[in-house]
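Encoded as structure tokens, the structure appears first; notes follow it.
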Amino acid sequence: MAITASAPAPALDSDEAIFTQESPYALDALTEHKRNGLELAVRARWIAMAVTAAFLVYVIPEWDVLYYHFILALLCLNGWLIRRVGRVGQSRLEMLLIFADLAIMTAGMVIPNPFSSEDLPLAIQYRYGNFIYFFIILAAGTLAYSWRTVIAIGSWTVLIWLSAAFTAWWFAAPQSGMSAALLAAVEGNQALAPFVDPTDFALHQRLQEAIVFFLVAVTLAVSSRRFYQLIQNNAVLERERANLSRYFSPNVVQQLSQNDEPLKQTRRQDVAILFIDIIGFTRLAADRDAYQVIDLLRDFHGRMEREVFRHEGTLDKYLGDGLMATFGTPLAGPKDATNALICARAMLTSLADWNAERRRYGESEIRVGIGVHFGETVIGNIGANRLEYAVIGNAVNIAARLEERTRELEAQLVISEALRQQVQAEGGPANLERAGFARYPASELRGLTRSMTLWALPR
């Protein structure tokens with residue numbers, strides 16, 4: 001009889017448990033790995049059992065085939081139980097069920113069918129070559145098992161298989177007449193006799209099977225251990241990337257993770273720059289506890305940061321009660337200016353929703369000024385060992401001055417003519433007056449020698 005079964009999922013041992021305690025990312029990765037392994041193992045097992053059951057009906061078209069169907073049903077049930085009790089970490093019950101899995105398979109392979117009418121010597125059961133199916137279990141196990149569990153499966157299989165073979169050999173009834181007749185048939189060839197003698201258990205072959213199987217198990221265990229170390233290393237990298245994301249924009253972290261160098265070399269690039277600042281923050285914070293001020297800033301920064309990331313921007317830095325964001329860094333996109341303008345409008349919408357919430361709690365409204373400009377900048381790393389990704393240039397200064405100008409113009413948002421033209425070039429709206437903007441030609445900005453046309457969205 002040939003029985004196939006897929007491997008149950010792993011029970012993690014002490015080595016894996018140690019690093020999962022140190023890294024929640026590793027624990028999450030291993031938990032997901034085990035959950036997927038369990039589902040795949042059980043589904044594969046049920047499919048394999050169904051195919052085997054159908055094949056056995058073809059091979060043994062007798063009612064006694066139901067005995068082997070019963071063995072297959074036990075394996076299916078045991079797989080379901082393993083899925084129910086499987087978890088990350090050591091589980092004695094799970095290990096017991098894995099052992100039971102191997103014992104059931106061995107019993108189905110070497111114990112003669114009690115309902116069969118054929119009277120064959122017990123040694124014939126070992127001539128079917130069913131032991132090779134244990135390699136399927138072992139190989140599948142490396143996809144999910146811890147390395148110690150893989151070695152345990154190899155050891156248990158060797159123990160069960162050899163114990164069954166020696167027990168059968170010890171208790172098998174001798175049939176000297178059949179052996180003598182076969183020896184006479186091969187004309188006394190002692191080397192050929194064991195191959196044709198149906199009562200010969202070929203114990204040296206059983207031992208050879210066990211030794212080879214154990215060596216393969218050790219080899220696969222080493223591979224499994226390397227796989228778990230890879231999960232651990234990837235978990236550490238994921239943790240580092242998550243920590244970077246707390247300080248840098250996701251798109252900057254993405255570039256850092258894809259390049260050997262920290263970022264590309266210093267270069268000139270057209271970028272959209274956005275500044276936002278709370279108006280009257282000093283007066284607003286004067287009557288509040290320091291912890292309340294920090295909570296206010298966290299809430300404000302969180303809402304504004306969310307809009308920056310949602311519109312493919314990079315959070316350059318927090319500026320006390322404001323922030324600076326860039327669009328088109330680290331790499332330029334097809335709609336950087338448009339994204340910057342849409343982000344600014346989305347910030348105002350988010351702020352309006354927040355103010356409505358604050359009014360319900362009797363708190364004062366938050367007013368902001370936003371300035372957005374598009375122009376040439378110099379971008380790259382500054383610093384020696386501790387690097388900072390910087391965007392510098394006159395365009396940054398202009399954007400900061402536009403944000404300052406919102407006070408004088410009583411506006412929520414002020415943008416430059418350069419930004420409007422770039423938005424139009426990107427396929428955006430050409431007439432900002434329809435969107436509620438007012439045009440201010442020949443406007444001067446502090447610190448700049450040239451006047452420029454501004455567009456302001458009144459409060």
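The values are calculated or read from the model by the stated rules, or taken from the named source; none is laboratory data. Keep in mind the model is a prediction, meaning the values are calculated, not measured. Note: ideal-geometry Cβ built from the backbone for every residue, glycine included; neighbour counts use all protein chains shown. Ligands, DNA and RNA are stripped out before the accessible areas are found, and what is left, the full protein with its side chains, is counted by its heavy atoms. Shrake-Rupley method; radii C 1.70, N 1.55, O 1.52, S 1.80 Å.
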By accessible area (1.4 Å), largest first, CYS343, CYS76 order as CYS76, CYS343
Leaving ligands, DNA and RNA out of it, report the carbon-plus-sulfur percent of the accessible area of the stretch 394-454 at a 1.4 Å probe.
-> 42
Calculate one ³J(HN,Hα) per residue across the stretch 445-451 by plugging θ = phi - 60° into the Karplus curve 6.51 cos²θ - 1.76 cosθ + 1.60, and present them in order as whole Hz with x for glycine and proline.
-> 10, 4, x, 10, 7, 9, 7
Residue-wise, which Karplus ³J(HN,Hα) couplings in Hz belong to the stretch 268-278, taking 6.51 cos²θ - 1.76 cosθ + 1.60, θ = phi - 60°, and x for glycine or proline?
-> 8, 7, 6, 9, 8, 10, 10, 10, 9, 8, 7
Computed accessible area, ILE104, all protein chains, 1.4 angstrom probe, square angstrom = 40
Accessible area expressed per residue, the stretch 396-459, with surrounding protein chains retained (probe 1.4 Å, Å²) | 53
Any chance you could look up the accessible area of PHE281 with a 1.4 Å probe, heavy atoms only, rounded to 10 Å²?
-> 40
Where a ≥ b ≥ c are the square roots of the eigenvalues of the C-alpha gyration tensor, would you call the stretch 390-456 rounded, which needs a/c under 1.5, or, failing that, prolate if a/b is larger than b/c, or oblate?
-> oblate
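Applying a 10 Å radius around every beta-carbon, put 443-451, 407-415, 327-335 in order of their mean neighbour count, most first.
On the way: 443-451: 12.4, 407-415: 20.6, 327-335: 18.2.
Going from most to least packed, we get 407-415, 327-335, 443-451.
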Using θ = phi - 60° and Karplus 6.51 cos²θ - 1.76 cosθ + 1.60, couplings along the stretch 296-305 (whole Hz; Gly, Pro as x) | 4, 5, 4, 5, 5, 4, x, 5, 6, 4
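Using a 1.4 Å probe over the heavy atoms of the protein chains, calculate the carbon and sulfur portion of the accessible area of the stretch 257-365 as a whole percent. Don't jump to the answer; show the numbers that get you there.
On the way: 2740 of 5860 Å².
Reported share for carbon and sulfur atoms: 47 percent.
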Two-site FRET efficiency, ARG268 against GLU410, from Cβ-Cβ distance with R₀ of 45 Å, rounded to 0.05 | 0.80
Counting only residues 5 or more places away or on other chains, whose amide H sits under 5 Å from the amide H of LYS317 once H atoms are built in the peptide plane?
-> MET324
Can you tell me the Rg and Dmax of the stretch 270-388, counting just the alpha carbons, in angstroms?
-> 15.7, 49
